[in-house]
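Heads up: the structure comes next, in structure tokens.
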Amino acid sequence: MIAIPPRWSRAAAVACVLALGASGCGLSAELDRERNPERSPTPTPTPAQTRAASPPVTAGPETLPDVPVQQARGCPSSGVRFGTGRVDGAMGLRAMTLTLVNCGERPYRLHGYPFVRVLDETGAPMAGVRTVTGTDKVFMAPESPGPEPLTVAPGATAHAALYWRMGAEDSTFLHVGPQENQDDLNIRPLEPLDIGPENILGTTPWSLTS
């Protein structure tokens, strides 16, 4: 195994994560490389094989529990809406953007780090997954800047970054808030976090989106 200097590792990871959007190298491509390192082509099933492999569709009750999440439309009573970007990946490092939109009519003040709890398909916290402020505990994650007080004007957006190392289990929901015990609720991110079990989620402080 070739030893890579730590400074180069972090810089390379950050460069790759930032370049993902332009290069088209997203989470699916990264996972394909990690699962198929020899890059051998995956055979395409024939229509007959696809039909044989597909289970019959049967009517029945929804198996997932009814986990309350942020309303699909409109502005919550808190005056803010949360959202996420898609998952980007490079060398086992994962990154996702968490956004806060001021959909109300008054300025919204922020200071510090978002409150984030990773939940499974039942809405319960994922076992062994903990959230920390900053990114020092997530290997190869970029350095996190210090928090600053912000005022998000009506219609404006703030964002924070979430970092973790690739895990074996996917989350389903996130419980998020501007900070702990403040306007927090459940959301379903655009893509699941492959973070469980026994992992760390690092967060950067809120910053205004230009």
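For the range 192-210, the set of residues classified as surrounded by fewer than 17 Cβ atoms within 10 Å (Cβ to Cβ) and over 15 Å from Pro125 (Cβ atoms) consists of Ser207, Leu208, Thr209, Ser210, listed by residue number. Only residues that are in contact (Cβ under 8 Å) with a residue 60 or more places away in the chain and open to solvent by 40 Å² or more (accessible area, probe 1.4 Å) were counted in the range 149-174, giving 3. Is one or more of the residues making up the range 134-151 within 19 Å of the chain's Cα centre (by Cα), part of a strand (DSSP E or B) and either closer than 13 Å to Pro205 by Cβ or of a type outside the set (Gly, Ala, Ser) (or both)? Yes, that holds for at least one residue. Determine if the range 64-77 includes at least one residue that is aliphatic (A, V, I, L, M), in contact (Cβ under 8 Å) with a residue 24 or more places away in the chain and in a strand (DSSP E or B). No: zero hits. Residue-level check: of (1) over 19 Å from Arg94 (Cβ atoms); (2) assigned to a strand (DSSP E or B), His175 misses just (1). Only residues that are surrounded by 18 or more Cβ atoms within 10 Å (Cβ to Cβ), out of contact with any strand residue (DSSP E or B) (no Cβ under 6 Å at 6 or more places or on another chain) and over 20 Å from Glu169 (Cβ atoms) were counted across the range 79-111, and they come to 1.
The values are calculated or read from the model by the stated rules, or taken from the named source; none is laboratory data. Quantities reported herein were computed from a predicted structural model and do not represent experimental measurements. Note that we place each Cβ from the backbone using ideal geometry, even for glycine, and neighbour counts take in every protein chain shown. The protein model used for the area step is the full one, side chains on, heavy atoms only, and it has no ligands, DNA or RNA in it. Shrake-Rupley method; radii C 1.70, N 1.55, O 1.52, S 1.80 Å.
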